[in-house]
Amino acid sequence: MTALYRRVFAIGVQDTFVYRWNFLLRSLFSIIPLVGTVFVWQAVCGPGGSVSDYSLSSMVFYFVGVLLVDNLASPTEDEWRIAAEIREGQISSLLTKPLDHLAYRLTLFSAYRLLYSLLTLPVMGAVLWTLRAHLQWPAHASTWGFFALSVCGSALIQFFIAYALAMLAFWILEVSTLIFILYSFEYFLSGHVFPLDLLPAGVRALLAWTPFPYELFFPVQILLERLDSAALWQGFALQFLWVCITAATARLLWNRGVRHYQAAGG
C-alpha cells in the first residue's frame, strides 16, 4: 500500500510539472498585492511610525510571511478538481481501485504543494532580496521547527476544508458559489488583509475558536516570534483540534456522498 501511494505521489509531481509555467506566472502575479500592501502601510505608518505595536518593517515582514505560508500550504484548485471528478462521473473509476480516496487526494495535494513551492523559489527569493531591509528573521533556531509544524497544520486544515467543500458535489450540481462564499470569509479571517491582532480583543477571542487564524495568521505570528510560550502551545492545541475536526468532516461527507452517488453509462 505504501508503494501505491508513492506511485500516486510521483504521478502528482508529473501532473503538476506539466503546468509549471502556470504556477510560475501565478507566483509572479501574487507579488502585485504584496507591492500594493507595502505602499499602503508605508502611507499608514509614515516615517518611523507604527500601527498598534507593528512598525513598518514588522508589518512588511508580516505580509512576506503571509505570502510564504500561502505558497507552502494553500490548495491550488484541489476543490475544483475533486468536484469535477464527482460531477463528471470520473470518480467511478477510483471507486473500483484499492485506494482510500481521502488519502489519495491528500497524497496528490502533497505532491502539488512540494513542486509548486520549488517552482516558486526564484520568485520568493527575489521578494526576500528586494525587501531584505524590512526582514527580521527569528533569533531562535527552534522557531523554524515550530513554524514548519504550524505550516503543516495549516496545509492540512486548508486541504480538508477544500475536500469537504468538494464533497458537496455529491448533492449539488454546482458548488462554486459555496466555495466563493467560504473563501471570501477565509481570506479576510485568516489574516490575508491585515494582522488579526489589530482587531478588538473580544473579536479576536471569538475568532480564535474558528479554523481560519490557524491557516495563515498563527504560522506567521510564530515566524515573527510574537507569541509567548503559553500562546504558542494553546495555538498548536487549537490548530490540532481543527485538523481533527476538518478531517472528520471530510471523511464523513465522503462516506455519505459515496452512498448517495449514482453513475450511469459505460
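Please treat every number below as a calculation from the coordinates, not as lab data. Everything numeric in this text was worked out from a predicted model, so none of it was measured. Here Cβ is always computed from backbone atoms with ideal geometry, including for glycine, and neighbour counts include all displayed protein chains.
Results, tabulated for the structure shown:
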read-out	value
For residue 180, net neighbour charge (Lys/Arg +1, Asp/Glu -1) across residues whose Cβ lies under 12 Å away	-3
Longest DSSP-loop-exposure-free segment, GluC sites (Glu not before Pro), the chain, at most 15 other Cβ within 10 Å	175-266
Given charges at Cβ of Lys, Arg, Asp, Glu: the chain dipole, positive-most of 96, 128, 138	96
Reciprocal mean inverse distance between Cα atoms of the range 2-260 - Kirkwood radius, Å	19.6 Å
Neighbour net charge for residue 73 - beta-carbon separation under 10 angstrom, K R +1, D E -1	-1
Electrostatic dipole magnitude of the range 2-260 [Cβ: Lys, Arg +1; Asp, Glu -1; Cα centre; debye, to 20]	560 debye
Degrees, to the nearest 10: 78-87 long Cα axis against longest axis of the chain	20 degrees
Cut-off 15 Å between beta-carbons: net charge of the residues surrounding residue 154, Lys and Arg +1, Asp and Glu -1	-3
Rounded Å value of the spacing that divides the Cα centres of the range 52-92 and the range 119-142	19 Å
Helical contribution to [θ] at 222 nm, DSSP H n ≥ 4, -39,500 (n - 2.57), averaged over the chain, rounded to 500	-23500 deg cm²/dmol
